[in-house]
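Some notes on the structure that comes next.
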């Protein structure tokens, strides 16, 4: 959810500052499909109530991370890659599930989500506690989505992914391909 806000902000601000959509076609992203496939796997698994969801979650995050490494030289991609790596690391350390704070969710007015989290109703998440690993990388940071007009709990990896995506779009909408030529 957080990524959609950053994506739209990068797109809109890039266009407002003289960017053109046609410039994105000159950005060298030969392995962009790997990132898209990773997000596709993650979103396809979202909401499923099956035992294999943590495996899909981990596989999807691994694809996103691998895809960002293949384009790491692009402006903004090191942040995207770092965010993808941190999310992959925490999910891998927790058996394919992202640790999430029910307390932060409750403070944001998300009592139903906090209750579902405590009841284990989200196979892609695990209730953050003493038995979860790398909690500081889990979903512990409040985020208010302008697109969805509601609060969410996000991870530092989500924020880094979002800022990186914003930078990629903003930069390349305005500058074009890697040579930085303008129309």
Segment 28-44 residues that are outside any helix (DSSP H, G or I), paired with ones that are surrounded by fewer than 19 Cβ atoms within 10 Å (Cβ to Cβ) and modelled with pLDDT under 85 (beta carbon under 9 Å, 6 or more apart)
28/177; 28/178
Being over 16 Å from the mean Cα position of the chain (by Cα), surrounded by 19 or more Cβ atoms within 10 Å (Cβ to Cβ) and at negative phi narrows it down to one residue among 54, 30; which is it?
54
Is at least one residue of segment 78-100 within 21 Å of residue 36 (Cβ to Cβ), touching a residue at least 12 places away in the same chain (Cβ under 8 Å), part of a helix (DSSP H, G or I) and out of contact with any helix residue (DSSP H, G or I) (no Cβ under 7 Å at 6 or more places or on another chain)?
yes
All but one of (1) more than 22 Å from residue 134 (Cα to Cα); (2) in contact with a helix residue (DSSP H, G or I) (Cβ under 9 Å, 6 or more places away or on another chain); (3) surrounded by fewer than 21 Cβ atoms within 10 Å (Cβ to Cβ) hold for residue 35; state the number of the condition that does not hold.
(3)
For residue 23, only one of the following conditions fails: (1) in contact with a strand residue (DSSP E or B) (Cβ under 9 Å, 6 or more places away or on another chain); (2) crowded, with 19+ Cβ neighbours inside 10 Å. What is its number?
(1)
Residue within segment 162-183 that is surrounded by 15 or more Cβ atoms within 10 Å (Cβ to Cβ), under 19 Å from residue 56 (Cβ atoms) and modelled with pLDDT of 95 or more present:
no
All positions within segment 60-77 that are crowded, with 20+ Cβ neighbours inside 10 Å and either in a helix (DSSP H, G or I) or touching a strand residue (DSSP E or B) at 6+ places or on another chain (Cβ under 7 Å) (or both):
60, 61, 63, 64, 65, 67, 68, 77
With respect to residue 148, is the statement that it is touching a helix residue (DSSP H, G or I) at 6+ places or on another chain (Cβ under 9 Å), over 30 Å from residue 26 (Cβ atoms), surrounded by fewer than 15 Cβ atoms within 10 Å (Cβ to Cβ) and touching a residue at least 60 places away in the same chain (Cβ under 8 Å) true?
yes
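The values are calculated or read from the model by the stated rules, or taken from the named source; none is laboratory data. What you are looking at is a predicted structure, and each value in this text was computed from that prediction instead of being measured. FYI the Cβ positions are ideal-geometry reconstructions off the backbone, even for glycines, and counts take in every protein chain you see.
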